[in-house]
């Protein structure tokens with residue numbers, strides 16, 4: 001079976017986890033601090049704060065920029081459902097803006113006409129690791145006084161060209177960027193997330209909120225020669241990352257450059273293998289973007305039956321995933337409060353129906369890629 005992905009780990013991650021278990025401190029502690037420092041240096045961000053998931057990160061980011069009950073947040077429906085859910089956690093209402101066909105990211109040309117008097121922020125998604133047009137998004141946000149949060153769940157290792165400099169996603173290019181370390185992502189800690197920001201006040205809030213808004217962290221209490229009583233002055237959350245996860249994350253982060261390099265080679269090979277399938281629409285990088293190729297998304301011709309194509313591949317031992325979901329089409333959002341942005345959501349809905357994500361991970365062999373390409377072309381020709 002060729003899986004959709006497979007984390008790249010070996011005895012180094014195993015030893016990192018063993019070391020933490022032997023230390024006796026397995027919850028948030030020194031390994032989390034070490035992982036935050038390493039991540040901050042890698043993405044060139046002023047601050048990095050580790051949390052339990054990217055969903056938790058999105059929730060805290062929205063709270064930090066002032067999103068509250070009844071506010072509107074411009075975002076995409078074309079994303080994992082956590083993006084929209086995090087907005088509802090704040091009592092706010094998502095305004096779903098359609099995507100660009102070429103990048104599967106939010107269409108900046110539709111932002112201005114989607115703004116309402118209650119709009120507080122833009123939550124853009126670097127979908128499948130492909131960077132958004134942060135220059136265009138930033139211009140709208142600055143003109144209209146909106147905060148910008150980057151859902152960079154898939155985008156660690158991706159970069160955006162600013163002037164003549166490639167800047168890592170996570171620097172950040174908005175106010176806050178949020179990352180995921182789920183096993184489907186480029187590097188993984190099992191579960192986990194990270195917030196990056198240049199704003200001191202946001203960073204301090206994240207560190208309080210992730211730990212129930214405890215006034216004195218447990219690391220300080222345990223290290224104090226005197227008895228210390230903590231206080232809880234505001235509502236917080238249990239969004240801590242464990243030291244077990246962070247220790248694995250430190251090793252994974254050391255592999256990041258090599259992982260992204262391998263993924264870029266694999267993506268180029270898919271392009272070559274599938275270039276003669278004229279009915280397939282293959283992903284392209286804008287000149288100003290460098291993606292980590294977290295996923296390789298092939299768009300099927302309109303006549304093709306997406307499920308039949310995926311089943312054909314599965315029958316030949318190849319796992320795939322459908323195009324990125326649209327939250328507004330899911331039962332959990334039927335009847336819930338959301339607003340369609342300017343121009344509707346036709347591109348988002350077409351992308352969900354017509355796209356297929358192909359296996360892509362560092363251990364994928366040339367012969368396995370050839371099998372994927374062969375059976376995909378067979379299915380498109382027949383279906």
Check your understanding: In what sequence do 338, 166 fall when counting other Cβ within 10 Å, fewest first?
Key -> 166, 338
Review point. Where does helix 200-209 land angle-wise versus the long Cα axis of the chain, in degrees 0 to 90, nearest 10?
Key: 80
Review point. Roughly how many nanometres apart are two label points built 7 Å out from the Cα toward the Cβ at residue 116 and residue 23?
Key: 4.7
Study note, to complete from the structure: Inter-part gap, Cα centre of segment 158-190 to Cα centre of segment 55-93, in whole angstrom, is 19
**Study point:** Extension reserve of the residue 81-residue 282 stretch, reckoned as 0.36 nm per residue once the Cα distance is removed
**Key:** 69.9 nm
Review point. Measuring from label point to label point, each 7 Å out along Cα→Cβ, what is the residue 258 to residue 339 span in nm?
Key: 4.9
**Study point:** Full-stretch length increase - residue 199, residue 139 - with 0.36 nm per residue and alpha-carbon distance subtracted
**Key:** 19.7 nm
Point to revise | Distance (nanometres) between label positions extended 7 Å along Cα→Cβ at residue 37 and residue 271 | key: 3.9
Practice item. For the chain, divide the Cα radius of gyration by the Kirkwood radius and give the resulting Rg/Rh value with two decimals. Key: 0.98
Check your understanding: Taking a spot 7 Å from the Cα of residue 302 along the direction of its beta carbon, which residues of segment 350-383 have an amide N less than 20 Å from it?
Key -> 350-356, 380-383
Review point. Roughly what angle does helix 134-144 make with the longest principal axis of the chain, taking Cα atoms, 0 to 90 degrees, to the nearest 10?
Key: 60
Practice item. Compute the acute angle (0 to 90°) between the alpha-carbon long axis of helix 11-23 and the principal axis of greatest extent of the alpha-carbon atoms of the chain; round to the nearest 10°. Key: 20
Point to revise | Proxy reagent accessibility, fewest Cβ within 10 Å first, across 81, 115, 324 | key: 81, 115, 324
Study note, to complete from the structure: In deg cm²/dmol, rounded to the nearest 500, the helical mean residue ellipticity at 222 nm of the chain, built from -39500 (n - 2.57) for every DSSP H run of length 4 or more, is -11500 deg cm²/dmol
Exercise for review: Calculate, for residue 10 and residue 374, the FRET efficiency according to 1/(1 + (r/R0)^6) with r their C-beta to C-beta distance and R0 41 Å; round to the nearest 0.05.
Suggested key: 0.85
Revision key, fill the gap. With the 8 Å Cα cutoff and a minimum separation of six or more residues, the chain has a relative contact order in percent of 24
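Values quoted throughout were computed directly from the atomic coordinates according to the rules given, and no laboratory measurement underlies them. Bear in mind that the values here come from a model prediction, so they are computed numbers and not experimental data. Glycine also receives a Cβ, built like all others from the backbone with ideal geometry; neighbour counts cover every protein chain displayed.
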